[in-house]
Amino acid sequence: MNDPLRAWHRLADTSVLLDGFHALKHALRFGAEVPVAVTADRAAALALAESLAPDLGEALDALLTEIPEPSYRTLVPRPHPTAVAALAVRPSRAAQLETLARLPRPAPVVVLDQPRNLGNAGAVIRLAAGFGATGVVTTGTLDPWHPMVVRGGAGLHFATAVERLEPAELPPGPLFALDPEGEDLRGVRLPDDAVLAFGSERTGLSDALRARTGHLLALPMRPQVSSYNLATSVAMTLYHWSAQRP
């Protein structure tokens, strides 16, 4: 019982927290290295795996260690309903940057320009993984690997490249930025190597990113509606891109 807790405390400062069963499930499916995983109810976690992730049943059976619930609660910021938590090795920055910079690429890169909300950033990473986007880049101070972002992304950080960069370091490719003054998105064909930039809901695009943008695009919106949620805007744009493909 003490071994997983000792391993956890030894690795916690240098690892990615996978908070909940679904985060662990997705991380394993996309090749994450998970040195330790714990649960307050092993039987319930394995039953959940049998129901929702039978492809991972054997891996989870070997990986999950049951610990007392009070011990579990000390390991996470807020207990997850599934009472599962794990630590994963974060992909190297060099590998992430190589993926983002590689051309030609099969799908766009999403850029969140100075995002503020951890949950929104996680939701965008989940969307990007679902659409098969090459990666998600953030500018500004928000850490895209913050535990609350990983929780919001349901562990799908491991299904796409995720990094924080300066505007001058953005991946190559034509840069399209969403802005109310832009051209209607519905009339524009987005190439697979596009870099799609989204400003924050409150302040929009930063001056640094706007100066680098080659194309301003606007989402269709009813008059007097001020904005969409950030994740909604990303979903609409990625769907538009995907709908144009064969």
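Computed from the coordinates by the stated procedures, all read-outs in this text should not be read as laboratory data. This is a predicted model, so every value here is computed, not measured. All Cβ positions, even for glycine, are placed from backbone atoms using ideal geometry, and neighbour counts span all protein chains on display.
A few comments on the model shown:
- For segment 2-88, the Kirkwood estimate of hydrodynamic radius, built from reciprocal distances between every pair of different alpha carbons, is 12.6 Å.
- A crude spin-label estimate for the pair M221 and D61, with each label 7 Å from Cα along the Cβ direction, gives 5.2 nm.
- Charge dipole (debye, nearest 20) of segment 4-137; +1 at Cβ of Lys and Arg, -1 at Cβ of Asp and Glu: 480 debye
- Cβ-Cβ distance of L11 and E166, R₀ of 35 Å, FRET efficiency by 1/(1 + (r/R0)^6): the value works out to about 0.75.
- At R0 = 22 Å, FRET efficiency that the Cβ-Cβ distance of L103 and V188 yields, to 0.05: 0.60
- Unit charges at the beta carbon, dipole of the chain: most positive-side option, L205, H22, G140: L205
- For segment 135-246, the average shadow cast by the Cα convex hull is 7.7 nm², which is a quarter of the hull's surface.
- Filtered trypsin sites (Lys or Arg not before Pro), segment 139-233: DSSP coil and at most 12 other beta carbons within 10 Å: R189, R202
- Labels on offer are [x] 1.02; [y] 1.09; [z] 0.96, and the one holding Cα Rg over 2.2 N^0.38 Å computed from this structure is [y].
- Segment A208-S92, length gained on full extension (0.36 nm per residue, minus Cα span): 39.1 nm
- Computed on the chain, with alpha-carbon pairs under 8 angstrom and 6+ residues apart, the relative contact order is 20 percent.
- Each residue of segment 198-212 was assigned a 3J(HN,Hα) from its phi angle through the Karplus curve 6.51 cos²θ - 1.76 cosθ + 1.60 (θ = phi - 60°); the sequence is 10, x, 6, 4, 7, 10, x, 6, 6, 4, 5, 6, 4, 5, 8 Hz, with glycine and proline shown as x.
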